[in-house]
Amino acid sequence: MHTRIFIIAFSYNQPMGCICIAHKKDLDGLGSHAIMRRFAREIGEEVTHYFADYDDLTEIIVKLSEETEGEKVIIADLGYNSRVLSAKDALAKLCEANEVIWIDHHDWQGGEEILKLKLRFIHSSKLCAAELVQQEFMPSDEVSKEIARLAHAHDFREESELAWKLYDVISSGYDKLRFVEALSRGEFWNEEFEEAYQRYQRAKEKGYAYLDEHLEVFNIYGYTCAMALSKKYLSSTLASLYLQEKGTDFVVVVYPDGKLSFRRNNPKVNLRKLAQLFGGGGREVAAGAKIEKEVTEDNYRELFREIVERMKKHGKDAFR
């Protein structure tokens, strides 16, 4: 009997052969998927991809805990947050019935209860998840090394024209499985990528203009915060980088579905602690969360103030 590998990513496909659960929004997560797809092809297995985000990770864990046994489950580029803890029982069941390997580079402070479960944890704050996946599963493969290199360049904000162009392709809404398949075969650019990239350049300019029109600056414990409502098609990384250029101590991007993205210019602001105020998590330098409200042009100013008031009331420890 062949061993299956599960990779958690975020989107739903019927489990067959290998399953990969990894982040769906950036080159690190999709790069992890591509490397695992390449690995599965090498050993003659199929791979099912779950393209995931923090909102649906727990749902995926519950689903797999009820359906899988005797499998290898890989979770990549998804860090600890309070939602994961809420699915602890399902995760424990998944770990008891399967071999679970969690590969990540985010801050896991507070996740000690999860790490006590019967899972293998591979972690580094100096390498991105795709690099860790590559080292674990495809240590000598040159294509996998290049995928990991590009993922690292983007995740650590390094100079790499190709890495940032690929990120724009992902952000454009290009089909994730098609993107992963191309990378897994060593195809790092093609005509479809170029078309998606060019379309997204025009969309980005409109998205930046919308941010400027829906931007407010607040003072919280003496630190300045630029907060803006974003169009859903503008990625959190691009929106945050644009706002960071305003020069405030930190920024918060708010999306219509209530998602929040935190980035900072000032290292004295702990964004992980701020995100935890809204049930999220991440790293000190970059974090995410979600408020359970729809954000519209009619109510965004009111919701901005609610977010700020919560940070003022409960977030003092986040400011050094």
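The values are calculated or read from the model by the stated rules, or taken from the named source; none is laboratory data. Everything numeric here is computed off the predicted structure, so don't read it as measured data. Because the Cβ atoms are built from the backbone with ideal geometry, glycine has one as well, and the counts that use them run over all protein chains shown.
Tell me whether the stretch 273-283 contains one or more residues that are at pLDDT 95 or above, outside any loop (DSSP other than H, G, I, E, B) and within 20 Å of the chain's Cα centre (by Cα). Yes, there is a match, as at least one residue in the stretch 273-283 is at pLDDT 95 or above, outside any loop (DSSP other than H, G, I, E, B) and within 20 Å of the chain's Cα centre (by Cα). Within this structure, E306 passes the test of being farther than 19 Å from D249 by Cα, not in a loop (DSSP other than H, G, I, E, B) and not assigned by TED's automatic domain parsing to the domain that holds K126. Applying the criterion of being modelled with pLDDT of 95 or more and of a type in the set (A, V, I, L, M, F, W, C) to the residues of the stretch 284-307, the residue that is farthest from T224 (Cα to Cα) is V295.
Screening the candidates A34, A40 for the property of being buried (at least 17 other Cβ atoms within 10 Å of the Cβ), part of a helix (DSSP H, G or I), free of Cβ contacts under 8 Å to residues at least 40 places away in the same chain and of a type in the set (G, A, S) yields one hit, A40. Within the stretch 205-231, can you find the residues that are of a type in the set (D, E, K, R) and either closer than 28 Å to E302 by Cβ or in contact with a His (Cβ under 8 Å, 6 or more places away or on another chain) (or both)? Once the filter is applied, which keeps residues that are of a type in the set (D, E, K, R) and either closer than 28 Å to E302 by Cβ or in contact with a His (Cβ under 8 Å, 6 or more places away or on another chain) (or both), the stretch 205-231 yields K206, D212, E213, E216, K231.
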